[in-house]
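Some notes on the structure that comes next.
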Amino acid sequence: MPSDFAAAPDVVELFEGAPCGLVVTDEDGRILRANRTFCDWLGYTGDELSGVPFQNLLTVGGRIFHQTHWAPLMRLQGSVAEVKLSIVHRDRRQIIMLLNGVRREREGKVYNELAFFGTADRDKYERELLKARKAAEELLQEKTAAEAALRQAQSELNEAYETAQRRATFAEQMVAIVSHDLKNPLTAIKMATDLLARGEHTAQETRLFKHVGDSVQRATRMIADLLDLTVIRVGRGISVHPTEVDLHTFIGHCVAELRVAFPRAELAHCSDSTGLVALDNDRLFQVIGNLTANSVAYGDVARPVTITSALEAGTVVIAVHNFGPVIPETHRTRLFEPLTRGAAVHADLRSVGLGLFIVREIARAHGGDVSVVSDALEGTTFTVRLPRCAGEAVASGE
């Protein structure tokens, strides 16, 4: 230890080269000695600062602060700590420093021992800290404003949704009421037309009766579709009541009736395998009728529409094929949505755009589904796959 201490700088060098500015003044504030560090900071030599009143190095505000604050504190309490002052450099620029001071008496004389510390790094840190704090406060304000706007938007959205729900419910109720109430006058029109059509009539009258009958039949189908849509939308879903039937015989009867409904189209029936199935007959006829009507409306009436019925390992497969234009891929994804229709052809054969939607819902009510493939060479085929259900039990019991 003694050898290490001997190697350290002497007291004078410690004073002159200290990492802070050191200044000693008399009681009146005249500089008696300033270390090299302080002189270098201000651009003076020690001789130039000797005898200079310390307050002369301060700005006007600093002198006022010296006279009113830290000088009286030095006299009263004998010290000051971390007093921030602006000291004027030789080239008249200002340097911010922190002052620590102690008042001491030696041999009947009073001295002020002052230590000065640069604040550049500290000021930079404080500025960054204030900047970060301001940014954080702004972000907090933005977040608060965004949350308030989000709550307001959510409230408006909920209100708009409730309003839309009420309107949709009202519209569906109106559709259901009007559709139901239209059934009776349509039935009366149909009966009156059938009665009037009996007997001898001119060719023109016969055509008129036929047009009226076709229009009533088309309106009846539209009403049935609207009522089914209403039932689905209110959450009840389409109900099915399976009964046992020979698949191909039943499909053959359906095709025969559809030939009467669509005399301009050539309808062909193909079958594969035989057996009984348990399906809702009325709904199954509705499926075949809608798919056939769709094929007649959008297909090539010069070429046949083929209805195929088959049994495949516990699954009922019903396919309706036509040679109409290709259905674009983008259209196929929404083809089974309600109120979706194809090209504007044969408008007199189309319904309100619910046919394929009803087909899908009936298939799903049976536990099955419907799909479509379409290309330029093979045409378009809608395929419904349904579980065979009770038909399998009957077959196994035989």
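The table below lists the values:
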quantity: Local electrostatic count at A18 - Lys and Arg +1, Asp and Glu -1, tallied over other residues with Cβ under 14 Å; calculated: -3
quantity: Potential lengthening between V88 and C270 on full extension [0.36 nm per residue; Cα-Cα distance subtracted]; calculated: 54.7 nm
quantity: Surrounding net charge for S271, when Lys and Arg each add one and Asp and Glu each subtract one, Cβ distance under 13 Å; calculated: -3
quantity: Evaluated over segment 291-335, the Cα radius of gyration and Dmax, each in Å; calculated: 12.6, 35
quantity: Segment T315-A203, length gained on full extension (0.36 nm per residue, minus Cα span); calculated: 35.5 nm
quantity: Spherically averaged projected area of segment 251-309 from its Cα convex hull (nm²); calculated: 4.0 nm²
quantity: Translational diffusion coefficient (Stokes-Einstein; Kirkwood radius from C-alpha pairs) of segment 2-118 at 25 °C, 0.890 mPa s, in µm²/s; calculated: 166 µm²/s
quantity: Dipole magnitude (debye, nearest 20) for segment 2-118, charges at Cβ of Lys, Arg, Asp, Glu; calculated: 540 debye
quantity: Peptides ranked, highest mean first, by Cβ atoms within 10 Å: ranges 326-338, 124-136, 269-281, 368-380; calculated: 269-281, 368-380, 326-338, 124-136
quantity: Spin-label model distance (nm) - F117 vs K143, 7 Å beyond Cα toward Cβ; calculated: 3.4 nm
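Every number here is computed from the coordinates shown, using simple stated rules; none is lab data. Not measured: the values here are computed from a predicted model. A quick note on method: Cβ atoms are made from the backbone with ideal geometry, for glycine too, and the neighbour counts reach across all protein chains shown.
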